[in-house]
Every structure is written in C-alpha cells, then in structure tokens.
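Working notes for the structure below.
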Amino acid sequence: MQVLQAISQALQRGDVNGVRQGIATALGEGIEPKRILEEGMLSAMDIIGVKFKNNEIFVPEVLIAARAMNAGMEALKPKLVEAGIKPIGKVVIGTVKGDLHDIGKNMVRMMMEGAGFEVVDLGIDVAAERFVEAVQEHQPDILGMSALLTTTMGEMKAVIDAVADAGLRDQVKIMVGGAPLTQSFADQIGADVYCKNAAEAASAAKQLVL
Ligand code: B1M
C-alpha cells in the first residue's frame, strides 16, 4: 500500500504534517486503523530503533521521529478506540528521587508509546513511595526507572525494596536504565531488566508482555 509506505517514510523523517495527512488519506481510502498503526507507524518506529542501535541516527533524529509518532497516535487514537484496539501493555516510568535528568527517560517513554504501550510518566525526582502508589493505582506490567547520576542510581534499590515491602514485587517487572548503570548493577539491585538505550527498552518491554 503506497499510502502506508508514505506514512512510514514521513514518520521516519519526523514530518508531523506528512504523518497526519497520510493517516487522513489512509482512513479516507478505508484502510483499517490497526493496519495504519502496524504497517505505517509501528514498523517505522522499529526501523528508527534499529538505526539508533546501529548508530546510523542519533538522539535528535529519534526525538523528532518520536514526536511525529506521538502526533500520529493523537490523530489515530479515536479510530483505534472505536475499533477496540487496546494498548499491548502498561508501563509506569519515572526518574528517581534526587535526579532531574529526563531527556533519556522521555525517549524511553516515547519509544514505548511508539511500540504500542500505554505509559504513565511520573516525571522527575520521583520518591520510592510515589512509585509504589503508582504501581498500586495503575497496575502496570512494567515499572521503569531512569537515573543519570552515580549519586541517585542507588535510589533504584530503595524503590525495588519498597515495591517488595508493599507486596507488589510479583505483580510487576522492573526495568532500569541510565548512563551510569550496568547489567551487573541491575542484577545486584534485583531489577528484572537493564536496557542500555531507548530502542532496547522498547523491544525488551514488548518481549516482557507478548
Ligand atoms: Co547533568 N550530569 N547534572 N544535567 N547532564 C550528566 C549526567 C553528567 C554525566 C555530566 C558530566 O559531568 N559529564 C554528570 C553526572 C556525573 C555522574 O554522576 N557520574 C551530571 C551532573 C554532575 C549534573 C549536576 C550534578 C550538575 C550540577 O549541578 N553540578 C546536576 C544534577 C541535577 C540533578 O539531577 N539533581 C545536573 C543537571 C543537569 C541539567 C538540569 C542541566 C541537564 C538535564 C536536563 C534534562 O534532563 N531535562 C543535564 C544534562 C543535559 C546532562 C548531560 C549533558 C546530558 C544527559 C542527557 O540528556 N543525555 C549529561 C552528560 C552526558 O550524558 N553527556 C549530564 C542524552 C540522553 C538521551 O541520554 O539520559 O543517558 P541518557 O538516556 C539514554 C540511556 O541512558 C537510556 O536510554 C536513553 C536513550 O537511549 N536510558 C534508559 C535512560 N533511562 C532509561 C530507562 C530505561 C531504559 C533505558 O528503562 C526504564
């Protein structure tokens, strides 16, 4: 389908208007919203993820594509709801207490939304109790934490302990990431998954729920 290809290319270029116009044309041609989402948009985000992993594109290009994805989702959402298409899973995400860095966390959020997740973003400087409350309230499949400082990464352990103390540890997978983290740190604090970048985070999240 030419129009789906056009949506995919516009999305990869970060062309918000091109994505919106493509979606309107596709809907006008009677193409199912699910097909527009999967073949026009999610597949484009997969390509962005692979290119980012391979260092063929960098943070700005990913953010621009993710912005176009979000704009496309806004346009398509009412049709998806009408058609009864549900998100593939739910994620609660935040940057840990004491840490104000959110660019990487926002990228992870956008890539996860691009992969079809509903994401509840708690923002920055999020205390352990707030993460616990959000798990109780939203019952996500995945709890994601980001930390950019060596002085705040330890807070992730406090969150995991608080989730366990609240009796919720078996109900949620815990994913961690951020520049100072390593796989061995993630293992040490008892996280389920460590991801090096936003593309890895989105594909690992899919594997956790599918
Ligand atoms: Co700050 N800062 N900063 N900073 N800052 C760093 C992190 C630092 C490495 C700079 C340096 O010294 N070279 C350093 C940390 C040193 C350390 O702890 N080892 C540092 C410092 C020291 C500080 C302050 C203490 C400075 C000061 O005030 N003296 C202060 C702390 C404030 C606080 O948080 N309490 C501070 C403040 C700031 C700003 C507010 C000015 C600004 C943040 C703005 C914002 O985020 N809205 C800022 C910035 C921009 C940076 C740098 C320059 C860039 C960070 C960034 O956005 N990278 C950074 C130096 C650097 O990295 N070059 C630095 C781009 C982003 C896409 O990458 O966040 O790594 P990243 O995210 C990646 C992966 O890590 C991963 O995926 C993302 C995309 O691929 N990922 C996850 C992230 N979270 C994930 C979660 C997942 C999975 C993957 O699952 C849930």
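Find the residue count for the range 107-141, including only residues that are touching a residue at least 60 places away in the same chain (Cβ under 8 Å) and either farther than 14 Å from K173 by Cα or near the ligand (Cβ under 10 Å from one of its atoms) (or both). I'd like the intermediate steps shown before the answer.
We begin by selecting, within the range 107-141, every residue touching a residue at least 60 places away in the same chain (Cβ under 8 Å); these are 107-108, 110-112, 114-117, 141.
Restricting the remaining residues to those that are either farther than 14 Å from K173 by Cα or near the ligand (Cβ under 10 Å from one of its atoms) (or both) gives 107-108, 110-112, 114-117.
Residues flagged as touching a residue at least 60 places away in the same chain (Cβ under 8 Å) and either farther than 14 Å from K173 by Cα or near the ligand (Cβ under 10 Å from one of its atoms) (or both) within the range 107-141 amount to 9.
Go through A204, A191 for me and flag whichever is out of contact with any helix residue (DSSP H, G or I) (no Cβ under 9 Å at 6 or more places or on another chain), among the hydrophobic types (A, V, I, L, M, F, W, C) and modelled with pLDDT of 95 or more. Walk me through how you get there before you give the answer.
Values: A191 fails: out of contact with any helix residue (DSSP H, G or I) (no Cβ under 9 Å at 6 or more places or on another chain).
It is A204.
Quick one: M45 ticks every box in (1) closer than 21 Å to K196 by Cα; (2) surrounded by fewer than 17 Cβ atoms within 10 Å (Cβ to Cβ); (3) touching a residue at least 24 places away in the same chain (Cβ under 8 Å) except a single one, so which number is it?
The failed condition is (2).
Note down all Cβ pairs under 8 Å where the first residue falls in the range 181-194 and is at positive phi, the second is within 15 Å of the ligand (Cβ to nearest atom) and of a type in the set (A, V, I, L, M, F, W, C), and they're at least six residues apart or on different chains.
From residues that are at positive phi, the pairs are G190/I160; G190/I174.
Pick from the range 142-188 the residues that are among the small types (G, A, S), in a loop (DSSP other than H, G, I, E, B) and more than 10 Å from the ligand (Cβ to nearest atom): which of them is surrounded by the fewest Cβ atoms within 10 Å (Cβ to Cβ)? Break it down into steps so the answer makes sense when it comes.
Quick first cut of the range 142-188, residues among the small types (G, A, S) only: 144, 146-147, 154, 158, 162, 164, 166-167, 177-179, 184, 186.
Still in the list and also in a loop (DSSP other than H, G, I, E, B): 147, 154, 166-167, 178-179.
Remaining after also requiring more than 10 Å from the ligand (Cβ to nearest atom): 154, 166-167.
Values: G154: 14, A166: 16, G167: 9.
Ranking the qualifying residues of the range 142-188, first place goes to G167.
If the requirement is being outside the structural domain of K196 (by TED's automatic domain parsing) and within 26 Å of I142 (Cα to Cα), which of these qualifies: E29, E74, E56?
Numbers: E29 fails: within 26 Å of I142 (Cα to Cα); E56 fails: within 26 Å of I142 (Cα to Cα).
Going through E29, E74, E56 in turn, just one is outside the structural domain of K196 (by TED's automatic domain parsing) and within 26 Å of I142 (Cα to Cα): E74.
Of all the residues that make up the range 4-30, how many are of a type outside the set (A, V, I, L, M, F, W, C), farther than 24 Å from P87 by Cβ and assigned to a helix (DSSP H, G or I)?
Within the range 4-30, residues that are of a type outside the set (A, V, I, L, M, F, W, C), farther than 24 Å from P87 by Cβ and assigned to a helix (DSSP H, G or I) number 8.
The values are calculated or read from the model by the stated rules, or taken from the named source; none is laboratory data. Worth saying up front: this structure is predicted, and the values here are computed from it rather than measured. Cβ coordinates were reconstructed from backbone atoms using ideal geometry, including for glycine residues, and neighbour counts include every protein chain displayed.
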